[in-house]
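A short worksheet on the structure shown next.
The values are calculated or read from the model by the stated rules, or taken from the named source; none is laboratory data. Since this is a predicted model, take the numbers as computed values, not measurements. Here the Cβ positions follow ideal geometry from the backbone for every residue, glycine too, while neighbour counts run over all protein chains shown. Each accessible area value is taken on the protein alone, full model and side chains, heavy atoms only, with ligands, DNA and RNA left out. Shrake-Rupley method; radii C 1.70, N 1.55, O 1.52, S 1.80 Å.
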Amino acid sequence: MKLYHGTNVDFDRIDVTKSKAYKDFGQGFYLTDIRTQAEDWAKKKAEIFGGMPVLQEYEFDEATLSSPDLNVLVFDVPTE
């Protein structure tokens with residue numbers, strides 16, 4: 001499964017400690033399977049915080065969703 005992350009800073013290692021603690025669903029690393037949604041996130045972050053929009057793409061093994069090491073929220077429909 002392909003997942004996307006929209007940001008304004010390119011990086012090659014995920015570090016959830018750099019995430020804001022008071023996001024909608026808490027501190028974490030937010031991904032979507034909707035490419036255009038991630039592109040929009042990247043544009044908004046670049047407008048607010050500077051930098052350039054960056055779209056990161058990840059190949060995700062869905063079997064990992066059952067890992068006790070992850071706290072995953074899955075939505076059946078996109079959220080605004």
* **Spin-label proximity, Ser66 to region 1-20 - amide N less than 18 Å from point 7 Å beyond Cα toward beta carbon** => 1
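Just how many pairs of Lys in the chain have C-alpha atoms closer than 16 Å, counting pairs that are eight or more places apart or on different chains? Don't jump to the answer; show the numbers that get you there.
Details: Lys18/Lys45; Lys20/Lys44; Lys20/Lys45; Lys23/Lys44; Lys23/Lys45.
Lysine pairs meeting both conditions in the chain amount to 5.
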* Round to a whole number: what % of the accessible area of the chain belongs to carbon and sulfur, probe 1.4 Å? -> 52
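Go ahead and estimate [θ] at 222 nm for the chain from helices alone: -39,500 (n - 2.57) per DSSP H run with n ≥ 4, summed, over the residue count, rounded to 500. Numbers along the way, then the final one.
On the way: 1 runs with 15 residues, N = 80.
Value at 222 nm, helices only: -6000 deg cm²/dmol.
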* Would you mind telling me which residue in Asp12, Asp33, Asp61 has the biggest mean-square fluctuation in a Gaussian network model of the chain, where springs connect alpha carbons within a distance under 10 angstrom? => Asp12
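Could you rank Tyr4, Tyr22, Tyr30 by how accessible they are, 1.4 Å probe, largest area first?
Working: Tyr4 25, Tyr22 215, Tyr30 65 Å².
Descending order: Tyr22, Tyr30, Tyr4.
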* Among rounded, prolate and oblate, which fits region 15-57 when a ≥ b ≥ c are the square roots of the eigenvalues of its C-alpha gyration tensor, a/c under 1.5 means rounded, and a/b larger than b/c means prolate? -> oblate
* Asked: Tell me, what HN-Hα J-couplings in whole Hz come from the Karplus equation 6.51 cos²θ - 1.76 cosθ + 1.60 at θ = phi - 60° for each residue of region 66-73, using x for Gly and Pro?
  -> 8, 5, x, 7, 10, 10, 10, 10
* Asked: Tilt of helix 35-49 relative to the longest C-alpha principal axis of the chain, in degrees (0 to 90, nearest 10)?
  -> 50
* Asked: What is the distance, in nm, between label points placed 7 Å from the Cα along the Cα-to-Cβ direction at Lys43 and at Phe75?
  -> 1.8
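Just by accessible area at a 1.4 angstrom probe, what is the order of Glu62, Glu47 from largest to smallest?
On the way: Glu62 105, Glu47 150 Å².
Of Glu62, Glu47, the descending order of accessible area is Glu47, Glu62.
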* In Å², nearest 10: area of Thr36 left accessible to a 1.4 Å probe -> 80
* Could you point to the label whose value was computed as P(r) over Cα pairs in 5 Å bins from 0, in percent for the structure here, given (i) 3, 16, 25, 25, 17, 9, 4, 1; (ii) 3, 14, 21, 29, 22, 8, 2, 0; (iii) 3, 14, 24, 23, 16, 13, 7, 1? => (ii)
* At a probe radius of 1.4 Å, what is the per-residue accessible area of Phe60, in Å² to the nearest 10? -> 50
* **Ser19, Ser66, reordered so the largest accessible area comes first (probe 1.4 Å)** => Ser66, Ser19
